[in-house]
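Heads up, the thing below is written out as structure tokens.
Values in this text are rule-based calculations from the coordinates and carry no lab data. Quantities reported herein were computed from a predicted structural model and do not represent experimental measurements. No Cβ is skipped: glycine too gets one built from the backbone with ideal geometry, and neighbour counts run over all protein chains shown.
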Amino acid sequence: MKKDKISILITGGAGYIGSSLTYILKKYFEVFVIDDLSIGKRSQVKTKNFFNISLLNKKKLNIFFGKQKIDIIIHLAAHSNLRKSQINPKLFYKNNYEGTKNLIELMIKHKINKIIFSSTASVYGEPKKIPIKESYKCKPISVYGKSKLLAENLIKKKSKNRFKYVIFRYFNVAGSLIKSNLGETKDPPEHFIPIISKNIIYKKKFNLFNNFNTIDGTGIRDYIHVLDICNAHKKAITFLRKKKNTSNIFNLGSKEGISSLQIIKHFENIFKININYSTKAKKKGEPDKLISDINKSKKLLNWKSTKSHHQIIKDTFIWQKKFENLKKKNKVF
């Protein structure tokens, strides 16, 4: 397969989504990865074009841009744990906003005119209407959501007559690229489906957060497979390269809500097991429902999610088992 001549920089390319995206996009483009490895794993980066750089180190970042020709930036690097953001807000504002600020300033300096930014559905806060459209007013209730909205606003402000952007608001990403040995590597895992998977493997009890204003009392979320996320980015690259297209914001989700309790039932049905859990009151800053409207993504990007909840859960669990074995063999650092 002949690669396109354009070069792409992925910040946070050693992380869960970043490593999967690097693997997919390197088939089509020249891909560079920047990551400070504070969260991501070097073993997950499937390219030799790797640079251990923090976005907070502006001097080192400037040197990188001075040496490498980059056509499009895909900015994934961030801290993303909602509950931790409430405990340590300064860390999240520093990494998620200040890191983005440094990147944008150097992007302008080095005349890079296209960026794809990974934002989050958390910017919507507690939406008044479901499903959520990109046009809805953003009122984040978590520090994580607030830090991402600040970064979004900075990109929009600085872009005028300088560069084009696509902002993706991710809903809940799960699943894995099993055959490529790529998946979530946070240890312990921070998101619901990987948490369940690990606790099943080690036969441990876990907390199910409740007190949400939903039918079964557990939070309803919109889950999307990581492969669908990767395909959306490939579509966004095409979108930005067309002169007629202007900057835009897109939801990335499935438009299908599923509660935490329903996910547990899926696990039990798929793997023929009984799951042991206890209930605990939800934390501050967690909306009852987050379900996407993806009509805009379908219309303008020609994109939609393709993987079912069944596939997402199955791929996450199979990867988690593989990951635990890789750790025992010191194959993931």
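Worth pointing out:
- Distance from the stretch 155-184 to the stretch 60-113 (C-alpha centre basis), Å: 13
- Integer Hz, Karplus 6.51/-1.76/1.60 couplings in order for the stretch 126-135, x for Gly and Pro: 9, x, 7, 10, 10, x, 8, 9, 4, 7
- Spin-label model distance (nm) - Asn210 vs Asn330, 7 Å beyond Cα toward Cβ: 4.5
- Per-residue ellipticity at 222 nm computed for the chain from its helices equals -11000 deg cm²/dmol, with DSSP H segments shorter than 4 residues left out and the rest contributing -39,500 (n - 2.57).
- Cα gyration tensor shape for the stretch 81-130, rounded if a/c is under 1.5, else prolate or oblate: oblate
- Cα centroid separation, the stretch 299-326 to the stretch 40-56 (Å): 23
- Dipole in debye (nearest 20) - the stretch 80-223, about Cα centre, beta carbon charges: Lys, Arg +1; Asp, Glu -1: 580
- Checking the cross-link pairs Lys255/Lys314; Lys148/Lys304; Lys26/Lys314; Lys59/Lys90; Lys94/Lys156; Lys67/Lys328 against a 28 Å limit on the alpha carbon distance flags Lys67/Lys328 as lying beyond it.
- For the stretch 261-275, the Karplus equation 6.51 cos²θ - 1.76 cosθ + 1.60, evaluated at θ = phi - 60°, returns couplings of 5, 5, 5, 4, 5, 4, 4, 5, 6, 5, 9, 6, 9, 10, 9 Hz by residue, with Gly and Pro reported as x.
- Set of aspartates and glutamates near Lys322 by C-alpha distance (under 20 Å), chain-local residues within fewer than 8 positions excluded: Glu184, Asp187, Glu190, Glu268
- Three-way shape call for the stretch 181-333 based on the alpha-carbon gyration tensor, with the a/c threshold at 1.5: oblate
- Listed by chain and number, the aspartates and glutamates placed with their C-alpha closer than 14 angstrom to that of Lys272 amount to none; residues fewer than eight positions away on the same chain are left out.
- For the chain, built as a Gaussian network whose Cα springs stay under 10 Å, the top-fluctuating residue of Glu256, Glu268, Glu184: Glu268
- Scanning residues 5 or more positions from Gly125 or on other chains, those with amide H under 5 Å from its amide H are Lys139, Ile141, with H placed 1.01 Å from N in the peptide plane.
- A full extension of the chain between Arg42 and Glu268 corresponds to an added length of 78.0 nm, given 0.36 nm per residue minus the alpha carbon distance.
- When Rg and the Kirkwood Rh are both derived from Cα coordinates, the Rg/Rh ratio for the chain amounts to 0.95.
- Sparsely packed loop sites in the stretch 109-172 (the trypsin sites (Lys or Arg not before Pro) outside DSSP H, G, I, E and B with at most 16 other Cβ atoms within 10 Å) comprise Lys111, Lys128, Lys129, Lys133, Lys137, Lys160, Arg162.
- Other-chain or far-sequence residues with amide H under 5 Å of Ser7's (modelled H): Asp71, Ile72
- Global geometry of the stretch 127-228, whether rounded, prolate or oblate, following the gyration tensor of its Cα atoms and the 1.5 cut on a/c: oblate
- Dipole of the chain, positive direction: furthest Cα of Ile270, Leu106, Ala174, with charges on the beta-carbon: Leu106
- Net dipole in debye of the stretch 7-328 [+1 Lys, Arg Cβ; -1 Asp, Glu Cβ; about Cα centre; nearest 20]: 900
- Among Gln44, Gly219, Tyr28 the positive-end extreme of the charge dipole of the chain (Cβ point charges): Tyr28
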